[in-house]
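The structure appears right after this line, and notes come after that.
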Amino acid sequence: MHLRFYNHERILGSGPNATVVYAVERRGSTSGAGFGNIIVYDNLLRLGVETDSPIIGRNQGMGVGSSLAENSGLTNCQLVFTAGKYNGSSLAVQGLFPVAPLETVFERAITGGTGRFRLARGYLLTTEVRSTSTTLTGQLDAYITFR
């Protein structure tokens with residue numbers, strides 16, 4: 001199974017409407033990837049890249065600055081579907097999230113799921129496709145198998 005959707009983030013430090021915040025700020029970093037930092041997030045999942053595209057869920061999780069070089073962090077998140085065909089289901093995702101330029105593709109593991117995604121395994125490819133001074137939009141391609 002292949003699913004594509006978009007993560008809409010209000011970036012760290014973008015003001016009171018930010019969807020990414022520090023839980024622990026051990027070292028200053030514009031990306032949150034400072035070694036020892038912990039961020040939490042609750043981003044919108046939309047069907048498309050546009051900000052008025054239908055909301056289908058949320059990307060809720062945390063990231064830990066786990067690289068001494070401060071160029072990546074470990075993420076652990078749930079893609080929680082709140083509308084459409086997969087409403088009430090979720091996918092569990094974990095892996096490294098690099099600090100990288102737009103259009104860089106990186107992979108994280110799908111380690112499980114609930115509802116329609118029970119016993120899911122697979123991988124999630126993420127490509128950051130749009131950036132402004134306050135927002136970051138990522139294309140998420142989930143490739144899922146079931147055991």
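In table form, for the structure just shown:
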| item | result |
| --- | --- |
| Choice from L91, L79, L68 showing the highest fluctuation, given a GNM over the chain with Cα pairs closer than 10 Å | L68 |
| Length-normalised contact order for the chain - Cα pairs under 8 Å, 6+ apart - percent | 21 |
| 37 °C / 0.692 mPa s Stokes-Einstein diffusion coefficient of the chain, Kirkwood radius on C-alpha pairs, µm²/s | 214 |
| Carbon plus sulfur fraction of accessible area for the range 1-112, probe 1.4 Å, in percent | 56 |
| In sequence order, calculated HN-Hα J values of the range 85-96 (Karplus, 6.51, -1.76, 1.60; Hz; x Gly/Pro) | 4, 9, 3, x, 9, 8, 10, 9, 10, 8, x, 7 |
| Accessible area of the range 71-147 divided out per residue, in Å², using a probe of 1.4 angstrom | 50 |
| Loop trypsin sites (Lys or Arg not before Pro), the range 1-95 (other Cβ atoms within 10 Å of the site Cβ: 14 or fewer; DSSP) | R26, R27 |
| Using distinct alpha-carbon pairs, which all enter the 1/r mean, Kirkwood radius of the range 49-106 in Å | 13.2 |
| T145, T127, ranked by accessible area, largest first (probe 1.4 Å) | T145, T127 |
| GNM result for the chain, Cα springs below 10 Å: residue of A109, A18, A69 fluctuating most strongly | A69 |
| Accessible-area order (highest first, 1.4 angstrom probe) of the listed residues F146, F35 | F146, F35 |
| Cα gyration tensor category, rounded, prolate or oblate, for the range 67-147 with a/c compared to 1.5 | prolate |
| Among G48, G57, G65, residue whose mean-square fluctuation peaks in a GNM of the chain (springs only between Cα atoms under 10 Å) | G48 |
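The values are calculated or read from the model by the stated rules, or taken from the named source; none is laboratory data. Just so it is clear, the structure is predicted and the values come from calculations on it, not from any experiment. All Cβ positions, even for glycine, are placed from backbone atoms using ideal geometry, and neighbour counts span all protein chains on display. Accessible surface areas use protein heavy atoms only, side chains included; no ligands, DNA or RNA. Shrake-Rupley method; radii C 1.70, N 1.55, O 1.52, S 1.80 Å.
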